[in-house]
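Here the structure comes first, spelled out in structure tokens, and everything after it is commentary.
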2 protein chains.
Amino acid sequence: MTASSRPLSRKDIRRENERLILDAAEKVFAEAGFGGATMQLIADMAGLPKANLHYYFPTKESLYRQVVQAIFQDWLKAADIFDDAPGPVEGIGAYIDAKMEISRRHPAGSKVWASEVMHRAPVIQDYLETTLVEWTEGRMSVIRRWIAEGKMDEIDPRHLLYMLWATTQHYADFGHQIETLNGGQPLSDAQWVAAKGAVKRIILKGIGAQPSPAA
Amino acid sequence: MTASSRPLSRKDIRRENERLILDAAEKVFAEAGFGGATMQLIADMAGLPKANLHYYFPTKESLYRQVVQAIFQDWLKAADIFDDAPGPVEGIGAYIDAKMEISRRHPAGSKVWASEVMHRAPVIQDYLETTLVEWTEGRMSVIRRWIAEGKMDEIDPRHLLYMLWATTQHYADFGHQIETLNGGQPLSDAQWVAAKGAVKRIILKGIGAQPSPAA
DNA sequence: GCTTTTTCTGACCGTATGGTCAAGAAAAGA
DNA sequence: TCTTTTCTTGACCATACGGTCAGAAAAAGC
């Protein structure tokens with residue numbers, strides 16, 4: 001009858017279970033940290049026996065590594081918009097929107113990432129040194145080009161990027177604090193719109209972003 | 001001969017050991033998280049036997065609680081400057097300086113705080129709901145006054161505060177990432193000055209802060 | 001000096017955790 | 001249908017951890 005009652009192929013089973021486990025793991029790692037997370041907790045949240053987790057992921061660390069790597073991919077992808085934009089208003093504006101949306105839809109991932117970096121990146125240090133460094137260089141050169149073209153103030157691109165990361169990720173990583181300061185309620189849709197607007201407004205004005213001329 | 005060879009009074013011993021333990025605990029909690037930290041690690045870093053830790057702090061949680069509470073005090077104190085300032089340029093500028101200085105001198109504390117909040121503030125939720133809420137209200141009314149006096153743009157004070165917290169604390173919490181992007185080197189004195197300058201410049205311009213008239 | 005109080009610490013304990021394993025169930029292949 | 005491969009899982013193990021404790025050492029009080 002239902003799709004779930006018909007027997008699943010092995011590939012489907014594997015994909016489905018890996019997804020269940022990774023999703024559960026992300027949440028548990030985000031809420032408890034690597035050290036505080038237990039395989040049993042992850043298993044319970046995934047609705048599988050603990051031994052089954054070790055069938056798909058041999059160790060807790062290997063499971064954690066996959067969670068972090070997946071998050072890193074999202075993190076990088078969010079900035080494809082950046083490059084093709086004609087100027088900072090579009091490029092940085094869209095980047096802020098994208099990263100705020102990640103913070104909203106995917107706060108657990110952001111927290112795991114923050115935790116990993118705070119603990120000196122024990123599992124993804126090599127990625128930081130290669131992929132992240134290259135990525136950052138690329139974005140910095142885009143920003144420098146905008147500066148050279150007079151489209152924004154002469155700001156050190158590094159610190160601008162840090163501010164963008166810090167501000168947008170704060171809404172995920174410190175979401176609990178924000179919620180508490182919001183009377184214990186999660187931000188409403190309207191409040192998220194206001195948050196995005198405030199961030200974009202302050203930063204774009206702060207860097208003296210000049211609107212691109214209409215095409 | 002030396003001060004350390006003469007016998008210490010009981011009060012001195014207690015104060016000294018509590019300090020040793022709290023300092024070590026802050027570092028270990030920052031590097032490993034609450035779950036990843038072990039009493040043995042903290043004991044080793046403090047140079048004391050583990051049983052001695054339990055003499056001064058009955059449980060790991062009580063030790064952690066004291067660490068977090070001390071950090072929270074620093075966190076609040078950093079904003080005394082805020083209130084007496086004539087306008088946003090002085091007030092927010094000084095606040096940014098103060099918080100950047102905390103990130104520089106006291107990164108472990110900032111990380112412990114971030115970790116606590118990320119994990120839904122299990123031990124200081126009551127402080128968030130009382131002290132932090134009051135503190136935030138107070139600062140928001142200062143900002144609203146500045147807006148009413150035409151000293152800055154009409155910005156939602158909440159999101160401005162979040163941006164200040166996010167940006168300044170980022171230099172501590174994500175210090176490892178920043179260090180990696182700085183060629184593996186910690187920020188130099190000059191780079192810290194540049195960082196502070198960039199942050200102040202972008203934010204103060206971003207909120208349209210008007211310099212106060214000379215007295 | 002003698003007693004009391006506080007501090008110190010190695011040895012120990014119960015529990016929780018990451019991980020293993022063997023045997024069975026289920027799908028795939030022949 | 002029979003065999004092979006993959007998946008599932010309860011029971012189990014070794015270890016590490018938070019915490020305890022009894023007795024020694026050291027100050028403080030008298």
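The values are calculated or read from the model by the stated rules, or taken from the named source; none is laboratory data. Computed from a prediction, not measured in an experiment: that's the story for all the values here. Neighbour counts run over all protein chains shown; Cβ positions are idealised from the backbone, glycine included. For accessibility, only protein heavy atoms count, side chains too; no ligands or nucleic acids. Shrake-Rupley method; radii C 1.70, N 1.55, O 1.52, S 1.80 Å.
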Condition check: of a type in the set (D, E, K, R) and modelled with pLDDT of 95 or more. Does B:Lys77 satisfy that?
no
Quick one: how many residues across region A:81-95 are among the aliphatic types (A, V, I, L, M), in a helix (DSSP H, G or I) and either surrounded by fewer than 20 Cβ atoms within 10 Å (Cβ to Cβ) or touching a Cys at 6+ places or on another chain (Cβ under 7 Å) (or both)?
3
Would you please list the contacts, defined by Cβ atoms under 6 Å and residues six or more apart or on different chains, that run from a residue in region B:7-36 that is within 28 Å of A:Ala121 (Cβ to Cβ) and open to solvent by less than 30 Å² (accessible area, probe 1.4 Å) to a residue that is away from DNA strand C (no atom under 15 Å from the Cβ) and among the polar types (S, T, N, Q)?
B:Gly33/B:Ser115
Under 25 Å from A:Gly93 (Cβ atoms), more than 10 Å from chain A (Cβ to nearest Cβ) and either open to solvent by 10 Å² or more (accessible area, probe 1.4 Å) or in a helix (DSSP H, G or I) (or both): does that describe B:Ile143?
yes
Could you please let me know if B:Ile178 is within 29 Å of A:Thr130 (Cα to Cα) and either more than 7 Å from chain A (Cβ to nearest Cβ) or more than 17 Å from the chain's Cα centre (by Cα) (or both)?
yes
Any idea which residue in region B:46-92 is farthest from the chain's Cα centre (by Cα), counting only those that are among the hydrophobic types (A, V, I, L, M, F, W, C), within 13 Å of DNA strand D (Cβ to nearest atom) and farther than 25 Å from B:Leu132 by Cβ?
B:Ala51
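Here is a yes/no grid of residues against (1) basic (Lys, Arg); (2) within 14 Å of DNA strand C (Cβ to nearest atom); (3) away from chain A (no Cβ under 14 Å):
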| residue | (1), (2), (3) |
| --- | --- |
| B:Arg14 | yes, yes, yes |
| B:Ala43 | no, yes, yes |
| B:Tyr56 | no, yes, yes |
| B:Thr59 | no, yes, yes |
| B:Ile71 | no, no, no |
| B:Asp74 | no, no, yes |
| B:Asp83 | no, no, yes |
| B:Pro86 | no, no, yes |
May I ask you to list pairs of residues, at least six apart or on different chains, whose Cβ atoms are under 7 Å apart, with the first in region A:180-206 being within 14 Å of A:Ile92 (Cα to Cα) and small (Gly, Ala, Ser) and the second being open to solvent by less than 50 Å² (accessible area, probe 1.4 Å) and modelled with pLDDT of 95 or more?
A:Ala198/B:Ile155; A:Ala198/B:His159; A:Gly206/B:Ile202; A:Gly206/B:Ile203; A:Gly206/B:Gly206
Report the residue count in region A:110-127 for those that are under 25 Å from A:Gly175 (Cα atoms) and assigned to a helix (DSSP H, G or I).
9
Listed residues A:Ala85, A:Ala79; which is in the same structural domain as A:Glu149 (by TED's automatic domain parsing) and farther than 28 Å from A:His119 by Cβ?
A:Ala85
Scan region B:114-128 and give yes if some residue there is within 20 Å of B:Pro211 (Cα to Cα) and more than 10 Å from chain A (Cβ to nearest Cβ), otherwise no.
no
Within region B:174-191, can you find the residues that are part of a helix (DSSP H, G or I) and either under 21 Å from A:His170 (Cα atoms) or of a type in the set (Asp, Glu) (or both)?
B:Gly175, B:His176, B:Gln177, B:Ile178, B:Glu179, B:Thr180, B:Leu181, B:Asp189
Counting only residues that are within 9 Å of DNA strand C (Cβ to nearest atom), of a type in the set (A, V, I, L, M, F, W, C) and away from chain B (no Cβ under 12 Å), region A:23-41 contains a total of 1
Across region A:44-80, which residue is least open to solvent (accessible area, probe 1.4 Å) among those that are closer than 20 Å to A:Val123 by Cα and among the acidic types (Asp, Glu)?
A:Asp74
Does B:Glu101 satisfy the condition of being more than 14 Å from DNA strand C (Cβ to nearest atom) and not assigned by TED's automatic domain parsing to the domain that holds B:Arg145?
no
Of the conditions (1) of a type in the set (S, T, N, Q); (2) touching a residue at least 60 places away in the same chain (Cβ under 8 Å); (3) open to solvent by 20 Å² or more (accessible area, probe 1.4 Å), the single one that A:Gln169 does not satisfy is (3)
Among (1) farther than 30 Å from A:Gln210 by Cα; (2) within 9 Å of another protein chain (Cβ to nearest Cβ), where does B:Ile207 come up short?
(1)
